[in-house]
Amino acid sequence: RKLSWPGLAEVLGRGLLAHLAAIARKEQAPLYLTGGTVRDILMGRRPADIDLTVREGGRRWAAALCRLTGGTYVPLGKEEDAARVVWRGRDIDFSSFREGAQALAQELGRRDITINSMAIPLDPLLSGRLDEQVPVVDPAGGLADIERQMIRVTFANAFRSDPLRLLRVYRFAAVLGFSIEEETTALIRRQKEMISRVATERVSH
């Protein structure tokens, strides 16, 4: 799917972009659109939620957006620097680089499946300095897997990092109508007992 800056701005909304630009000017740090939001846009689906990633200070960014919009602030997870802003019926999630990652490609490489491991740098859109092409950062080959309609684990220890990912593979395969790569299926078979470590409410959700 061909991406355009005007199309991306329409999906995100001018109001949200104006607020994010104000926060970015204060933070002096890059902001990335990531995860399921990028996947849905590339597939021509309108994303229900907005996933945003920063190197550090995810909760600080969320709190700033909350102050500007009057939205509702919701912390996410006990260990993560992540939070949600609920505004105008949308969930806008901020997260910092996970597990000690120092670079964007490193952070994306620690996500669960390849089609959820892409990012779009938003700095050009927030600053108004637009290039012709919208760059997609795709270190794990998610674009190719969208074309193949394939669910593939991003790295060998993905399930050890969070065993709930064992179920997420099947969830995304079902929702998107994609096939699961054979090696990923084999890895799930070998590590399936780890699902017993996951809290019941997370499995239920």
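The values are calculated or read from the model by the stated rules, or taken from the named source; none is laboratory data. These numbers come from a predicted model, not from an experiment. Cβ sites come from the backbone with ideal geometry, for glycine too, and all protein chains shown count toward neighbours. For the accessible areas, the whole protein counts, side chains as well, though only heavy atoms, and no ligand, DNA or RNA atoms are used. Shrake-Rupley method; radii C 1.70, N 1.55, O 1.52, S 1.80 Å.
Here are a few things to note about the model shown:
- A140 vs. criteria open to solvent by 40 Å² or more (accessible area, probe 1.4 Å), touching a residue at least 24 places away in the same chain (Cβ under 8 Å) and not hydroxyl-bearing (S, T, Y): no
- Residue in the stretch 20-36 that is open to solvent by less than 30 Å² (accessible area, probe 1.4 Å) and over 24 Å from G128 (Cα atoms) present: yes
- Hits in the stretch 121-173 - residues which are under 24 Å from K2 (Cα atoms), in a loop (DSSP other than H, G, I, E, B) and of a type in the set (D, E): D131, E132, D138
- If the condition is being of a type outside the set (G, A, S) and either touching a residue at least 12 places away in the same chain (Cβ under 8 Å) or touching a Pro at 6+ places or on another chain (Cβ under 6 Å) (or both), then the stretch 119-130 contributes I120, P121, L122, D123, P124, L125, L126, L130.
- Once the stretch 41-58 is narrowed to residues that are open to solvent by less than 70 Å² (accessible area, probe 1.4 Å) and over 14 Å from the mean Cα position of the chain (by Cα), the residue that is nearest to V136 (Cα to Cα) is M43.
- Answer residue from the stretch 174-197, given it is assigned to a loop (DSSP other than H, G, I, E, B) and touching a strand residue (DSSP E or B) at 6+ places or on another chain (Cβ under 6 Å) and is least open to solvent (accessible area, probe 1.4 Å) among those: F178
- Pairs with Cβ under 9 Å, 6+ apart, first in the stretch 75-98 and surrounded by fewer than 18 Cβ atoms within 10 Å (Cβ to Cβ) and modelled with pLDDT under 90, second basic (K, R) and assigned to a loop (DSSP other than H, G, I, E, B): E80/R98
- Given (1) under 21 Å from R39 (Cα atoms); (2) among the charged types (D, E, K, R); (3) free of Cβ contacts under 8 Å to residues at least 40 places away in the same chain, index of the condition E107 fails: (3)
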